[in-house]
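Participant: Below you will find the structure I want to go over with you.
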Amino acid sequence: MMRTTVIAASYALDWIIGDPEWLPHPVRMMGRAAKAAEQVLHRCGSGRRFELVSGALVAVSMPAATFAITSAIIRLASRRHRAFGAALDIWLSCTCLATRDLLDEAAHVLHSLDVGDASHARLRLARIVGRDTETLDESEICRAVIETLAESLSDGIVAPLFYLALGGAPLAMAYKAANTLDSMVGHRDEQYFFFGRVAARLDDVANWIPARISALLICMAAQAMSANRGFEAGRIWLRDGSRHASPNAGQVEAAMAGALSVRLGGENHYGSERIVSPHLGREFYKPDRVAAVRALKLVATASLLGFSAAWLFTRGKRRAS
């Protein structure tokens, strides 16, 4: 099946069904495989050098194995029946995308705030962010929603589209394996400082181009929704994008701060660890519900723009070949 058709069908399917929890999902399987590999390796040895080497082995082998397995499954299914292979290709591609799920989860948090149930909003927020949510006030809840919308636009929508356009479902699944591994072990705490170092660096490399494309898409979406907002998003992106500790998250968060005229960054807690990040858009006010709703619309628009770019890219490649 032509890659343009696969991208269009998988993107549409993601908007229609999202990520229902009852449906088996490859990312959850990747998470279980990563946890099993970690437990086996930790029983085999210890020490900084061992953790660094064993973590590097997992970081490299898991995406490579995912690529090989995905390619083999699609090829074997296509040999069995062409339509079965095409359907499997579309479904696997769809599982790499997260537009519907991201927007639904963020909307649930904001709806809880709308009805005055901040406690439920914090519980829903904990499903999509890693920071502690128990003590967050309304403004901090809105900030968390906006920041995770910006980051997830990059690693949950644009990056998978980018890799689908470049190499189809196998490459997109390999990216999801690297991204999943980073989310599990790519932390700077005592437990994963050495074991997760290569996974974190690999994820940084994989997301470097998609993050900057995502920031550009936020600027374009902001300009389409409101005159001159795109230019302000670009200004804050260029000024503050490199202030964040992450080489990629800061790009999209800075563009989002400028697009919404809100101040992002600040203090977050992860268990017993307190992390303070620089403010992005420091001259603006704290986020509120109105800004968070606008962020939802921005991400939906940017997602559509990203899909259009991926589809046009694959169409151009096909014509050139």
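Participant: Exactly one condition in (1) modelled with pLDDT of 95 or more; (2) within 26 Å of residue 205 (Cβ to Cβ) is not met by residue 130; state its number.
Facilitator: Of everything listed in (1) modelled with pLDDT of 95 or more; (2) within 26 Å of residue 205 (Cβ to Cβ), residue 130 misses just condition (1).
Participant: Just checking, which of 291, 295, 211, 302 is within 16 Å of the chain's Cα centre (by Cα), in contact (Cβ under 8 Å) with a residue 12 or more places away in the chain and more than 21 Å from residue 162 (Cβ to Cβ)? Full working, then the answer.
Facilitator: Working: 291 fails: within 16 Å of the chain's Cα centre (by Cα); 211 fails: more than 21 Å from residue 162 (Cβ to Cβ); 302 fails: more than 21 Å from residue 162 (Cβ to Cβ).
It is 295.
Results for (1) among the aromatic types (Phe, Trp, Tyr); (2) closer than 27 Å to residue 259 by Cα; (3) more than 13 Å from the chain's Cα centre (by Cα); (4) outside any helix (DSSP H, G or I), shown as yes or no for each residue.
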residue	(1), (2), (3), (4)
144	no, yes, yes, no
151	no, yes, no, no
158	no, yes, no, no
171	no, no, yes, no
174	no, no, yes, no
182	no, no, no, no
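Participant: While we're on this one: Scanning the range 278-295 for residues that are out of contact with any Cys (no Cβ under 8 Å at 6 or more places or on another chain), hydrophobic (A, V, I, L, M, F, W, C) and under 22 Å from residue 243 (Cβ atoms), which turns out surrounded by the fewest Cβ atoms within 10 Å (Cβ to Cβ)?
Facilitator: 284
Participant: In addition: Tell me, yes or no, whether the range 246-262 has at least one residue that is part of a loop (DSSP other than H, G, I, E, B) and in contact with a Phe, Trp or Tyr (Cβ under 6 Å, 6 or more places away or on another chain).
Facilitator: Yes, because at least one residue in the range 246-262 is part of a loop (DSSP other than H, G, I, E, B) and in contact with a Phe, Trp or Tyr (Cβ under 6 Å, 6 or more places away or on another chain).
Results for (1) surrounded by fewer than 22 Cβ atoms within 10 Å (Cβ to Cβ); (2) at pLDDT 90 or above; (3) among the small types (Gly, Ala, Ser), shown as yes or no for each residue.
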position: 191; (1), (2), (3): yes, no, no
position: 195; (1), (2), (3): no, no, no
position: 212; (1), (2), (3): yes, yes, no
position: 225; (1), (2), (3): yes, no, no
position: 235; (1), (2), (3): yes, yes, no
position: 238; (1), (2), (3): yes, yes, no
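Participant: Same structure, new question: What single numbered condition from (1) more than 28 Å from residue 227 (Cβ to Cβ); (2) among the basic types (Lys, Arg); (3) touching a helix residue (DSSP H, G or I) at 6+ places or on another chain (Cβ under 8 Å) fails to hold for residue 286?
Facilitator: (1)
Participant: Hey, any hits in the range 267-277 for a residue that's surrounded by 16 or more Cβ atoms within 10 Å (Cβ to Cβ), more than 22 Å from the chain's Cα centre (by Cα) and touching a residue at least 12 places away in the same chain (Cβ under 8 Å)? If you could, list the steps in order and put the result at the bottom.
Facilitator: Step one: of the range 267-277, the residues surrounded by 16 or more Cβ atoms within 10 Å (Cβ to Cβ) are 268, 277.
Going one step further and asking which of them are more than 22 Å from the chain's Cα centre (by Cα), we end up with none.
No - not one qualifying residue is present in the range 267-277.
Participant: Report whether or not residue 240 is out of contact with any helix residue (DSSP H, G or I) (no Cβ under 7 Å at 6 or more places or on another chain), closer than 23 Å to residue 282 by Cβ and among the acidic types (Asp, Glu). Show your work before the answer.
Facilitator: Values: out of contact with any helix residue (DSSP H, G or I) (no Cβ under 7 Å at 6 or more places or on another chain): no; closer than 23 Å to residue 282 by Cβ: yes; among the acidic types (Asp, Glu): yes.
The answer is no for residue 240.
Participant: Can you report the number of residues in the range 17-65 which are under 19 Å from the mean Cα position of the chain (by Cα) and among the aliphatic types (A, V, I, L, M)?
Facilitator: Of the residues in the range 17-65, 7 are under 19 Å from the mean Cα position of the chain (by Cα) and among the aliphatic types (A, V, I, L, M).
The values are calculated or read from the model by the stated rules, or taken from the named source; none is laboratory data. The structure displayed is predicted, hence computed values, not measured ones. FYI the Cβ positions are ideal-geometry reconstructions off the backbone, even for glycines, and counts take in every protein chain you see.
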